[in-house]
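First the structure, in the form of structure tokens, and then the observations on it.
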Amino acid sequence: MTRPSSGRRHLQLGVAAVVAPLLESAGIAMISPGNTNPSLTIGPDRDAPQRQFDNYFRMVANDAQQGGFLAAYAVRIWTCSGSP
């Protein structure tokens, strides 16, 4: 008997980018709990975002969103702590 895949193999960008179009052609949604690369949802050109896969969804913010938030948080912590 074949066991169903847990989907953990799709946590890497390279694997997700290869598997997403295959699943899309089969009409299967792909929901990632961990892929954060923006290209999976907005394409390779950030200046002209275009969704690559209609079946791909993520449950976490992408790297571009996380980077901006973490930078703002670091500045806030730095300025509130009284550090030079």
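Tabulated results
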{"read-out": "Flag for ARG76 being of a type in the set (Lys, Arg), farther than 30 Å from ALA17 by Cα and either touching a helix residue (DSSP H, G or I) at 6+ places or on another chain (Cβ under 6 Å) or at pLDDT 85 or above (or both)", "value": "yes"}
{"read-out": "Leading residue by the ranking (nearest to LEU23 (Cα to Cα)) among those in the range 36-57 that are touching a strand residue (DSSP E or B) at 6+ places or on another chain (Cβ under 9 Å), part of a loop (DSSP other than H, G, I, E, B) and of a type in the set (S, T, N, Q)", "value": "ASN55"}
{"read-out": "Top-ranked residue in the range 22-37 [being within 17 Å of the chain's Cα centre (by Cα) and hydroxyl-bearing (Ser, Thr, Tyr); ranked as nearest to GLN66 (Cα to Cα)]", "value": "THR36"}
{"read-out": "Which numbered condition LEU40 misses (of (1) surrounded by 10 or more Cβ atoms within 10 Å (Cβ to Cβ); (2) modelled with pLDDT of 90 or more)", "value": "(2)"}
{"read-out": "Sole residue being under 12 Å from the mean Cα position of the chain (by Cα), modelled with pLDDT of 85 or more and of a type outside the set (A, V, I, L, M), chosen from GLN12, GLN50, GLN66", "value": "GLN66"}
{"read-out": "Given (1) surrounded by 16 or more Cβ atoms within 10 Å (Cβ to Cβ); (2) in contact with a Phe, Trp or Tyr (Cβ under 6 Å, 6 or more places away or on another chain); (3) not in a helix (DSSP H, G or I), index of the condition ILE31 fails", "value": "(1)"}
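The values are calculated or read from the model by the stated rules, or taken from the named source; none is laboratory data. For clarity, every value in this text was computed on a predicted model and none was experimentally measured. Positions of Cβ are backbone-derived with ideal geometry, glycine not excepted, and every protein chain shown enters the neighbour counts.
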